[in-house]
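Throughout, read-outs are computed from the coordinates displayed, never taken from laboratory work. These numbers were taken from a predicted model, which means no experiment stands behind them. No Cβ is skipped: glycine too gets one built from the backbone with ideal geometry, and neighbour counts run over all protein chains shown.
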């Protein structure tokens, strides 16, 4: 039996949608573009968010932005409306008027969470007390002072012994040079010198032992504290793992067929933090539990951009792959849903004669790669620049791509015909003696005071939403780009990028991120909005020829 629907959760459209406005098949939640009816519902929710009369949150403050979602549904009477939801919590609360609740079972969740959190808090307090204890700090200071005194004394002793050794060496040389002494007469002095050498060695050994014994006493005391700290950390980690497992076990997902499944069974290993808390799963779960038929889902960002990833105000985004991809197929079972888009499998427009050769000799190739063709074969897509070249140049079994371009990026690509050339060209890339210039078209007009500059934002992969990248100052790899405006086209900006490093999606991230240019490259479906193509082109490439040492320079105009 379906639970009653709260009066404020199902919003009906002002005018009943016509039959041709309602999707006959539910669009994939992983599609970049929402269905028009879901977009219409999103605009209605955005009007409420803009009024902000009942939501105690400043979405445009630093890190105040949030992901929202709508699910267009049909009720049991045939009426069409939509549910609204938000990701995770809002202002520390799971439930807000007008939005669907969390997925997990509240009673089962609260039964153990409070006690578990108290245990973790107690362990954290014990850990903090030990880590900040006066005894630990005093022992560290005593050990540091003792090691400094040891090093000073042993160094002085070493210098003393070295001077004595040099003096003994000189005495031996003098003895050897004296012709008036017999071997028997020299022997007592030589024996005395050897005895002095042995004495100094024993003195150095004994001094080291004395210092080691003094240090060991303090180090053993400190080790006892450190062992206790490690033990508490391990206990806290294990209890946290168990608690997280129990929390996730309260997430029992359901689908249109009425099947129920613990969320933990849908992941390989422990689900990532926040799994099941995105807007999409919340909306679909509520619909299934209340007899509503899902028709179309849309999720959008509202407010200030986050510090790490790329999210722009009012822009639509597909469901994330790390948290939602393992669970949404189960939750949508029983519904007719469009196939998940796979942009890599949709490459059908690249001509058989592509990529075109710009330059060729016995050592290398310079190509003009078209947008839409992968540089190297992927897990599912085998058609690529590399596979086409291997068919075209069977006499070059050692042929290698010296670098790569994203599938959606066009432009100059360098290929070595053998391993020797590849190694030499790779070295130039490592030493940054290769000059690269990309041309791009941005989705907004940069202000007059932004004409040229440098971007330094370290990047790493978004583990919850591959292949997206995020800015991460702790674990990210250095990513540096110089940029220069070259013109304006209406509300767009044409720009040159000079990447000093070659990180995945570097130019796309540096263009889109709020601390970069805060302007996505047109056609960037990952960090902006989809279009006919990604307006990014590797326009210039300069390097030293590995054999002739001649400076090679190539330019290809952007095709947009």
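Annotation: the residues 465, 54, sorted from fewest to most other C-beta atoms within 10 Å of their own C-beta, follow the order 54, 465. Each part reduced to its alpha carbon centroid, segment 266-286 and segment 203-218 end up 59 Å apart.
Taken over segment 320-469, the ratio of Cα radius of gyration to 2.2 N^0.38 Å equals 1.33. Available extension along the chain between residue 354 and residue 190 is 50.5 nm, counting 0.36 nm per residue and deducting the alpha carbon span.
Over all pairs of different C-alpha atoms in segment 16-90, the reciprocal of the mean inverse distance, the Kirkwood hydrodynamic radius, equals 14.1 Å.
This ranking places 331, 263 by how few other beta-carbon atoms lie within 10 Å of each, fewest first, which gives 263, 331. Averaging Cα coordinates gives a centre for segment 422-480 and one for segment 1-73; these two points are 35 Å apart. Shape class of segment 129-246 from the alpha-carbon gyration tensor: prolate, with a/c at 1.5 or above and a/b greater than b/c.
Label positions at residue 181 and residue 204, each projected 7 Å from the Cα along the C-beta direction, are separated by 2.5 nm. Extension gain for residue 529 to residue 33 (0.36 nm times residue separation, less C-alpha to C-alpha distance): 177.7 nm. Distance between the pseudo-spin-label points of residue 173 and residue 145 (7 Å out from Cα toward the beta carbon): 4.5 nm.
To the nearest 500 deg cm²/dmol, what mean residue ellipticity at 222 nm is calculated for the chain from DSSP H runs of n ≥ 4 alone, each contributing -39,500 (n - 2.57), summed and divided by the residues?
On the way: 9 runs with 195 residues, N = 560.
The helix-only estimate for the chain comes to -12000 deg cm²/dmol at 222 nm.
Across all Cα pairs in segment 344-555, the calculated P(r) in 5 Å bins from zero up to the longest distance comes to 1, 7, 14, 18, 19, 17, 13, 7, 3, 1, 0 percent per bin. The C-alpha atoms of the chain define a longest principal axis, and helix 279-289 lies at about 50 degrees to it. Applying 0.36 nm per residue to the separation of residue 137 and residue 221 and subtracting their alpha-carbon distance, the gain on full extension is 29.1 nm. Shape class for the chain: oblate, because the ratio a/c of the largest to smallest gyration tensor axis (alpha-carbon atoms, square roots of eigenvalues) is 1.5 or more and b/c is at least a/b. Report the Cα centroid-to-centroid distance between segment 154-186 and segment 353-379 in angstrom, as an integer. If you average the Cα positions of each part, the centres end up 73 Å apart. Remark: 165, 66 ranked as 165, 66, counting other beta-carbon atoms within 10 Å and listing the fewest first. If both residues of a DSSP beta bridge must be in segment 351-509, then about 95% of such bridges are antiparallel. Dividing the mean sequence gap of close Cα pairs (under 8 Å, 6+ apart) by how many residues segment 344-555 holds gives a relative contact order of 18 percent.
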